[in-house]
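J.: Take this structure first; my questions come after.
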Amino acid sequence: MGETILELKRAKKAFPGVTALDGVDFRVERNEILGLVGENGAGKSTLMKILIGLQTVDEGEYFLRGERAALDGPSAAIRKGIGMVFQEGCMIPNLSVMDNLFLGNEDSFGRGPLMPVKAMAQAARGELEAVGLGRLNPKSTVGDISSAEKQMLEIARLLWLSRLYGVDNPILILDEPTTVLQESEVERLFSILGALKARASIVFISHRLEEVVQLSDRIVVLKDGRLMADLGRGQADVKAIERLMVGHELAVEHYRESMQTDCGSEVVLCVKELRLGGRFEDFSMDLHRGEIVSLVGLMGSGKEEVCRCLGGSEVPDSGSIAVHGKPARFASPKNAIDAGIGIVPIDRRNDGLATSLDVMSNINLLILDRMRSGPFLKPALEKASARRWVEECLIKTPSLQTSCSTLSGGNQQKVVIAKWLAAEAAILVLDHPTRGIDVGAKDEIYRRIRALAAAGLSIIIMCDTLEEDIGLSNRMIVMKDGRIVREIPCPKDAKPAPVAVIGYIV
Amino acid sequence: MKKTLVLVLAVLLALSVTTAFAQKASGVFMGTAIRSLENPYHAVWARGAQSFADSVGGIAVIQTCEGSSEKQLNDIKALIAKAGKNAVFSIDPNESPNVIPIAKALEAAGVYFVTYWNKPDTVKVTDYPHWVAHISFSGTLAGEFMGNELFKSMGGKGKIVALQGMLANTTAIERYTGLQAALKKAPGITLAAVDTAEWDRTKAFEKMKSFLVANPDVGGVWAANDNMALGALEAIRAAGLAGKVKVVGCDGVDEMIAAVKAGEAAATVINPAFWQGGMGLSLALAAKDGKINVKTLPVEKRAFFAKAVEVTSANIDSIIATYVKGTPKYDWNDYYGSYVAPIK
Amino acid sequence: MKMKLRIAGIKPIYISLGMFFLLVAVFTIGDRTFISLYNAQTILNAVAILLAVGLGQVCVILTGGIDLSVGSIMSLVSVVFMLVIGQLGAWAYPVVMVLGLGAGFLNGLIVSKLRIPSFIATLGTQGILISVAYLLSASPLSVPENSYGLVDIINGSIGPVKNVWIIGLVLFAGFFAMQAYTRLGRGIMYIGANERMSYLSGLDIDRIRILAFTFSGFGAAVAGIILSATLYSGYPSIGGTYVLNSIAVVVVGGTAMTGGAGGVLNTLIGSLIMGILNNGMTVIGIDVYAQQVFLGVLIIVAVAVTFDRRKLAIIK
Amino acid sequence: MDGLAAAASTAPRAATRPLASRLLSFASKGTRGQIVALAIVMLIFAIGTAGTSVSLKNLQTILSLAGIPMIICLAIHQVVVIGAMDLSTEGVISLAAVTSGFLIKNPFTAYDIGFWVIPVAILIGGSAGLVNGLINTKIRMPSFIATLGMWWVTQGLAVIIGKGNAVKMLDQRFQNIANGDVMGIPVTILIALGVFAILFVVQRRTRFGRYLYAIGGDETLARQAGIKVDRVKVIVFTITGCIYALASILLVARLASSNPRTGKDLMFPAMTAVAVGGVSLSGGVGGALNAVFGALIVTALNNGMVLMKVSPYLQNAVNGIVLIAAVAVTIDRKKIGIIK
């Protein structure tokens, strides 16, 4: 145990109607990796915002390296050696990699009126090398690079900044860093963090408790704005932490395996020899009624593109898709929807919801046609439909008129799913349905998925973790380099072990 | 919430200032509806109106429409709402057909008024008992005079270019008709190019620059108003041709008079704005006070051309003395002193 | 609880309404004649035009776009109206409405099929439309002698109720029904709130957007007809000031320029506010020099008060 | 296999695209499309006027005419780059023009501060821009509305101060600058190019320039990166106001006269030029070079139409069609994503 370099004492922070932090004592020690866990709404993000100066405490004290700190924003925080990698990413799409890397700190290359662009490009190459992005051109536009590359770029940026300010033992806050990474990248990230620990402290926020337990020297659990536990390495396992987070024991089975049903024999979706040049080829699969099929593969394996083709937002070069035996051609999402395919996108705030509109508008989006009498909509029908789905999907919302932007991530996800259920989609493509959702809400989503399959919906799913894939699906299709390499059945009482599957993936 | 409160207070403050600006004086409201105070011609017009109102103890209300006919009509109606019959109007309609709704509104309210410049031929002043007079300056005559003076200065032969006013504007069309009449009588003159500069000085400058490239041998510039003539003149000056290529314009702007004096412009026409501003109100007030009886006025006194002042190098010194150095004294009770001819 | 939230949801409209009554009160204190029937008729005539063009404009603004061509459509409509009413009689009304619809449809096509931002597309079409108006008739046109009766259908009144109010109310009711009770109205809101999601949810974005622009053209056409009838004339510069006024009407009512929030009701209040502002300053006799300055300040203040900025993370 | 490498290896798919889309992509990069557009415009007019339009004299004329619009475009495009809008152009230019008109030797007032009028005008323009920026950032009002209000305010002030008078400028030196040339190159274009050079270097090589694009690209992220977004915005609006003032002095000097109409009808043409030049109205794309080409294209177009005697009735339509066509060809739809 090293010395304490950051300390927050009895921090209180309240927003209208909510107490976000209720007397939290929080500290970060030298050269440690601190895992911070808690459900959404537990106060993690408020705590982080206070640490980097985006918000101030109502009550309580904030000490940095023994001195009372008053930060007036992220840039001040960075100068004092606290930086954060935001969950949603913080790279500006129209700027180059190099510009993003040094944004806001160009002064370090000389204070002259003109920036030494060449020296900066040289320095950028070095920084990129350090996080395994040596092949990336510093002048390429960030909008054109992958999200994993963006994530690594952000970490490179923080590493560089910590050196720049000559801060002894900087504190790096990583908010859900692994959600956009593939397994191998996660490993690389962990090895980088492990190496970094020698000269920095890392606050690691994640919903993936296994990772937190594996990586962290110490784990802090928040719940309802209070600090529930401060656990040293090895003091708690995932189960114990989950208990602390949710306050009650979760089912022993993680993915509601006992509710898994066998699929019917009727082929709902038949894909034959689908090909999209350069992305994937020879993709064929049958999806049965009530079946959950998981698409597994690394980034670049082509699984994302397959799903986009099934959803109509990308058009395959060749191959055929048939729904209920009828051949279909998807030139736009509308075609796919008309054929009964619904997509629950990974980025629900941007792709799945109109967050500024209310719950009712979002749920009824696809079925307004059914609520007409003549040319006009009937508000009574709209309300009845929205109320039905709010109740059926257990959406926690103050009213049907509540704007979706005020709902939690889990409830937003349920609204998106409700939208497709209302439209009576026969096939759902769930793109990372539990990403960024807290443990309690995750379980609800799992139940929902099981219930849907039991009711006869066919589901194609892509999950955050291999365990989730295995646990949820009836069958897995493993893709690699644009081709199907293996199909693995996952019946409920004979689930394959992840170690047995991972070999096909990488 | 606090912000909203501050802003509500700001509204209250702004509006109490607005009310403080409101006129509280008593007397006859003398409405003057003109296009905009951004041009010198209407600015002088407003001064004439103010001067007359002051001389009889009335309240001058200047209304500008900034090119919107509908705003002009609404402003007039707003003053009627405020003053009722205790008002007279002098109006330069934004576009000619607008006199119809304006006349209807004023007639219905029983308010005496005088209009200037723009009126469709089909509309008869005599159909409206409160429409004291429609006064204009013949655009055709002015355009022809300007053309003739320009051709004279060129020795009767050569190429000219013409700059028209706003395309749809009646006055612009009339003046251009006058130019065409002058051209018919001058066989030695060719019209090399025509374009519009929309009454605007900057646009005239830019168009003239381009004209000079296409027609390096141009001998003169006919512009439908002084503003454009002055813009063209700047382009000519920049090309080092000032004095050689002469311009003509219309309105009698001070700078144009100076240009005539300097020999750079051949002619302009003063449509005495100060007189217009005062006389319109004076006529309307006389009708209101019963000094003239509109019903018994002969038709030609209800719609007539007034005297414009033609400016050439021949009379430039007396013009400068009267109009630039001083303000001409007008007898506001000499109602028809400037009468020239009836408008047919 | 439920009730409370509902009030919070439509708060900007209450603020706009408050603003409206505040202005009425201040102008009435400034000059009692402000609330006379005569003045009310004057104001509402102006409001009807602002409302018509604003109702069209708000359809486009709700999708997140902007229509800079409404002024040109009004001008073109006024010119064509005056040109054809002599020959076609009452048929002139549907003809120019179709013209407005067509112009709006063209805007929609350019924006959605060529995929050009609406600011640029409509800036371009406004030049094209105004040229067409000039080519049809450069000089101002009056109502032909035989057609005053037809035009006065617009200017007439039933008792104290002027026909333009009825036209304005019918138009408002139509647009309100469209926004609140049709799929198109919802579609416009969906696109404005999140275009990408709308596409992924299978909405026909192009069709909705084209219809929004077509409605805008229709609103402008009706405004052009009323304006033309009020002034008994038509000419190519008649609608020039309505581009900015229509936008002002929409935003003063509390509709966000970013789209997806606000709507037809806000536009009604916005046009009332702008209508009484223009008229009130003249009635209470503010120096004409100062009116423009006040108008500028008041639009900023009005938007500052009515516009709900809490929901916007970024102000552009 | 490494996921990152996989992502990289799948990137070069572009080679198989059809020719039309490759041409569009060529046109949408940097200013290549604008250069082609300018060449096409010049070529059409060269044929239409039998060569007059490409004579040395006319090229000089185009340059001298392009100078002031170019300065205004350079002013506006910065605001567009940060994703905002400035509609106050005309009012600010009129206000600066009227005020400076009374401060140089003139027949109305006794003031004659000579070249000191330049800093004074810039102070006025800058203040108006500052107010724009402050309303936008401090009251959090969309720039579209803030500057619309300021347009009316400044135009009204210009009329109040100017009282409608056209004020003759009697100081010949200003006119010599505005209408003069250096070795055949008009001074206004040199000044415009000077402004361009400064802005170009600022955009390409300074922190401030990076921040402009960062804000235009993603304002929230720019804020998180520690950029003082509000301050940068206020500065951008202020600089824009200052450049307006510069244009305003040249406008006054060119015509030796100032009045409250000096700024009339300058904003939409300038916005047209900025868009034709390839500056994205959604922010973050396009720079000073695009503004320069935009101004050149639009000026060459208007000059050519006068030379070709295109009916004035049709000129609006030609401008509109060229605007739509130019943007349709050069816009980078990939970067814009959503068309609003």
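J.: Given chain A, what percent of its DSSP beta bridges are antiparallel, to the nearest 5?
T.: 60
J.: What FRET efficiency would be calculated for the residue pair A:D369, B:K329, taking the C-beta separation as r and a Förster radius of 56 Å, to the nearest 0.05?
T.: The value I calculate is 0.10.
J.: For region C:187-199, in order, what is each residue's ³J(HN,Hα) by Karplus, 6.51 cos²θ - 1.76 cosθ + 1.60 with θ = phi - 60°, in whole Hz (x at glycine and Pro)?
T.: Calculated HN-Hα couplings, in order: x, 4, 5, 4, 4, x, 6, 6, 5, 5, 4, 4, 5 Hz.
J.: Report, as a whole number in µm² per second, the diffusion coefficient that Stokes-Einstein gives for chain B at 37 °C and 0.692 mPa s using the Kirkwood radius over alpha carbon pairs.
T.: Translational diffusion coefficient: 154 µm²/s.
J.: Can you give the % of DSSP beta bridges in chain B that are antiparallel, to the nearest 5?
T.: Antiparallel: roughly 15 percent of the beta bridges in chain B.
J.: Now for a different question. Answer rounded, prolate or oblate for region B:139-270, using the Cα gyration tensor with square roots of eigenvalues a ≥ b ≥ c: rounded when a/c is under 1.5, else prolate when a/b is larger than b/c, else oblate. Can you show the working numbers first?
T.: On the way: a/c = 1.20, a/b = 1.07, b/c = 1.12.
Verdict is rounded for region B:139-270.
J.: Also, I was wondering about something else. Cut-off 10 angstrom, C-alpha nodes, Gaussian network model of chain C. Which of C:V293, C:V47, C:V249 fluctuates the most?
T.: Among C:V293, C:V47, C:V249, the largest mean-square fluctuation in the Gaussian network model of chain C belongs to C:V293.
J.: Follow-up. Treating only the Cβ atoms of Lys and Arg (+1) and Asp and Glu (-1) as charged, compute the dipole magnitude of the protein assembly as shown about its Cα centre; round to the nearest 20 debye.
T.: With Lys and Arg at +1 and Asp and Glu at -1, about 1480 debye.
J.: Quick check: the angle from helix A:183-196's long axis to the longest principal axis of chain A, C-alpha only, nearest 10 degrees?
T.: The angle comes out at about 10 degrees.
J.: Can you grab the distance from the C-alpha centre of region A:374-421 to the C-alpha centre of region B:185-259, Å, no decimals?
T.: Measuring centre to centre over Cα atoms gives 69 Å.
J.: Report the Rg/Rh value for region C:12-307, based on alpha-carbon coordinates and the Kirkwood definition of Rh.
T.: My calculation of the ratio gives 0.97.
J.: Right, something else. Could you identify which residue out of C:T122, C:T267, C:T258 has the top mean-square fluctuation in a GNM of chain C using Cα springs shorter than 10 Å?
T.: Fluctuation is largest for C:T258.
J.: Same structure, new question: Along the charge dipole of region D:32-330, pointing to its positive end and built from +1/-1 on Cβ of Lys, Arg, Asp and Glu, which listed residue (D:G156, D:G114, D:L63) has its Cα farthest out?
T.: Looking along the dipole axis, the top candidate is D:G114.
J.: Translational diffusion coefficient of region A:4-246 at 20 °C, 1.002 mPa s, Stokes-Einstein with Kirkwood Rh over Cα pairs, in µm²/s as a whole number. Provide the component values of the computation, followed by the final result.
T.: Working: Rh = 18.6 Å.
Translational D for this selection: 115 µm²/s.
J.: Also, I was wondering about something else. For the C and D pair, go ahead and give the buried accessible area with a 1.4 Å probe, both sides summed, in Å² to 100.
T.: What C and D bury together is about 4600 Å².
J.: Give me the percent relative contact order of chain C, please, defined on Cα pairs under 8 angstrom at least 6 residues apart. Walk me through the numbers on the way to the answer.
T.: Numbers: 515 pairs, mean separation 115.9, N = 316.
Relative contact order here is 37 percent.
J.: Turning to a different aspect of this structure: In square angstrom and rounded to 100, what buried accessible area do you get between chains D and B, total over both, with the probe at 1.4 Å?
T.: Protein heavy atoms only, the D-B interface buries about 2900 Å².
J.: Over region B:220-312, what relative contact order in percent results from Cα pairs under 8 Å that are six or more residues apart?
T.: On the way: 115 pairs, mean separation 23.8, N = 93.
Averaging sequence separation for qualifying contacts and normalising by length gives 26 percent for region B:220-312.
J.: Per-residue accessible area for C:L169 at 1.4 Å probe radius, Å² rounded to 10?
T.: Surface open to solvent at C:L169 totals about 110 Å².
J.: If you wrap a convex hull around the C-alpha atoms of region C:125-278 and split its volume per residue, what is the figure in Å³?
T.: Expressed per residue, the convex hull around the Cα atoms of region C:125-278 is 137 Å³.
J.: What is the pair-distance distribution P(r) of region D:238-312, computed from all Cα-Cα distances in 5 Å bins starting at 0, with each bin given as a whole percent?
T.: Going from the shortest bin to the longest, the percentages are 3, 13, 16, 22, 22, 14, 7, 2, 0.
J.: Follow-up. How high is the FRET efficiency between D:R205 and C:Y14 when r is their beta carbon distance and R₀ equals 51 Å, given to the nearest 0.05?
T.: Here the calculated transfer efficiency is 0.50.
J.: Additional query: Using heavy-atom solvent-accessible surface (probe 1.4 Å) with all chains present, what is the largest-first order of D:V120, D:V229?
T.: D:V120, D:V229
J.: Relative to the Cα centre, what is the charge dipole magnitude of chain D, using +1 at the beta carbon of each Lys and Arg, -1 at the beta carbon of each Asp and Glu, and rounding to the nearest 20 debye? Intermediate values should be presented prior to the final figure.
T.: Values: 28 positive and 11 negative charges, 112 e Å.
Roughly 540 debye, rounded to the nearest 20.
J.: Please build a GNM for chain C, connecting alpha carbons under 10 Å apart, and tell me which residue among C:T182, C:T28, C:T125 fluctuates the most.
T.: C:T182
J.: Enumerate the calculated ³J(HN,Hα) couplings along region B:322-331 in order (Karplus 6.51 cos²θ - 1.76 cosθ + 1.60, θ = phi - 60°), each rounded to whole Hz, writing x wherever the residue is Gly or Pro.
T.: In residue order, the calculated couplings are 7, 9, 8, 6, x, 10, x, 7, 10, 8 Hz.
J.: Taking a threshold of 20 Å on the Cα-Cα distance, which of the pairs A:K139/A:K197; A:K383/A:K414; B:K159/B:K307; B:K246/D:K309; B:K104/B:K288 fall above it?
T.: A:K139/A:K197; B:K159/B:K307; B:K246/D:K309, as the Cα separations exceed 20 Å there.
J.: Sticking with this structure for a sec: Which of the GluC sites (Glu not before Pro) across region A:54-142 are loop residues per DSSP, with 15 or fewer other Cβ within 10 Å?
T.: A:E88
J.: On to the next question. What is the set of long-range amide H partners of A:I171 at a cut-off below 5 Å, with H atoms built 1.01 Å from backbone N?
T.: For A:I171, the qualifying residues are A:I82, A:G83, A:S201.
J.: For the pairing of chain C with chain B, what total accessible surface becomes buried, with a 1.4 angstrom probe, in square angstrom to the nearest 100?
T.: Interface area, both chains combined: 4100 Å², rounded to the nearest 100.
J.: Suppose we look only past 25 Å in the calculated P(r) of region D:32-330. What percent of the Cα-Cα pairs does that tail hold?
T.: I get 48 percent for the Cα pairs in region D:32-330 exceeding 25 Å.
J.: What translational diffusion coefficient, to the nearest whole µm²/s, does the protein assembly as shown have by Stokes-Einstein, given a Kirkwood radius computed over alpha-carbon pairs, a temperature of 37 °C and 0.692 mPa s viscosity?
T.: In µm²/s, the coefficient is 93.
J.: If you take every residue apart from D:D265 with its C-beta less than 10 Å away from the C-beta of D:D265, what net charge results, scoring Lys and Arg +1 and Asp and Glu -1?
T.: 0
J.: Quick one: compute the contact order of chain D, relative version, from alpha carbon pairs under 8 angstrom and 6+ residues apart, as a percent.
T.: Numbers: 561 pairs, mean separation 111.0, N = 340.
Contact order relative to length: 33 percent.
J.: With unit charges on the beta carbons (Lys and Arg positive, Asp and Glu negative) and the dipole taken about the Cα centre of the protein assembly as shown, which residue among B:A224, B:L167, B:N94 sits farthest to the positive side?
T.: B:A224
J.: Let me ask something else about it. Where nothing but the Cβ of Lys and Arg (+1) and of Asp and Glu (-1) is charged, how large is the charge dipole of chain C around its Cα centre, in debye to the nearest 20?
T.: With Lys and Arg at +1 and Asp and Glu at -1, about 1260 debye.
J.: Where does the charge balance sit around B:V88 when Lys and Arg score +1, Asp and Glu -1, over other residues with C-beta under 11 Å from its C-beta?
T.: +1
J.: Given a cut-off of 31 Å, name the pairs among B:K184/B:K207; A:K9/D:K228; A:K223/A:K492 whose C-alpha atoms lie farther apart than that in the structure shown.
T.: Distance filter (> 31 Å) returns A:K223/A:K492.
J.: I would also like to ask the following. Calculate how many DSSP beta bridges within the protein assembly as shown are antiparallel, expressed in % of all such bridges and rounded to the nearest 5. Mind showing how you got there, number by number?
T.: Working: 61 of 136 bridges.
Of all bridge pairs located within the protein assembly as shown, approximately 45 percent are antiparallel.
J.: What is the distance in Å between the Cα centroid of region B:266-299 and that of region A:467-487?
T.: One Cα centre to the other: 94 Å.
J.: Toward the positive end of the charge dipole of region A:65-106, about the Cα centre and with charges on Cβ (Lys, Arg +1; Asp, Glu -1), which of A:I92, A:L103, A:P74 goes farthest?
T.: A:P74
The values are calculated or read from the model by the stated rules, or taken from the named source; none is laboratory data. Predicted model only: the values in this text are computed from it and were never measured. Positions of Cβ are generated from backbone atoms using ideal geometry, with glycine treated the same way; all protein chains shown enter the neighbour counts. Calculation scope for accessible area: heavy atoms of the full protein, side chains included, ligands and nucleic acids excluded. Shrake-Rupley method; radii C 1.70, N 1.55, O 1.52, S 1.80 Å.
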